[in-house]
């Protein structure tokens, strides 16, 4: 459970960092630029913590998939980025892929042998 909490914090931090990246305007705005460093630093730190109990392939699929989907939705909601059926289909496929990866095997503890 601890691993999934760390993964959740990592996803939220990555979304924050990505949002600040947009607001930094090429690192020309000081405070959002600090937000990028803080967000991504915390994201990778928490991702490394979750890897103590969650397999890398599963953790990274969840992290990147949910992060991508939520970041796309933030772009649509905050910056009026283009949204159509193809965009929706892509988001559904990303989330579906994460669900399939999650259900494809039972996560093992790190260091546990499959033999």
For the structure I just gave you, tell me whether residue 91 is modelled with pLDDT of 90 or more and either out of contact with any strand residue (DSSP E or B) (no Cβ under 9 Å at 6 or more places or on another chain) or surrounded by fewer than 12 Cβ atoms within 10 Å (Cβ to Cβ) (or both).
no
Of the residues 47, 93, only one is at negative phi and out of contact with any helix residue (DSSP H, G or I) (no Cβ under 8 Å at 6 or more places or on another chain); which?
93
Going by what's in this entry, would residue 58 be described as modelled with pLDDT of 90 or more, within 13 Å of the chain's Cα centre (by Cα) and either surrounded by 17 or more Cβ atoms within 10 Å (Cβ to Cβ) or under 13 Å from residue 18 (Cβ atoms) (or both)?
no
Which of the following residues is out of contact with any helix residue (DSSP H, G or I) (no Cβ under 6 Å at 6 or more places or on another chain), farther than 24 Å from residue 103 by Cα, part of a helix (DSSP H, G or I) and at pLDDT 95 or above: 42, 38?
38
Quick one: which of 75, 8, 26, 67 is surrounded by fewer than 18 Cβ atoms within 10 Å (Cβ to Cβ) and within 19 Å of residue 97 (Cα to Cα)?
8
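The values are calculated or read from the model by the stated rules, or taken from the named source; none is laboratory data. All values derive from a computational prediction rather than experimental measurement. Quick reminder, even Gly has a Cβ in these numbers, built from the backbone with ideal geometry, and neighbours come from all protein chains shown.
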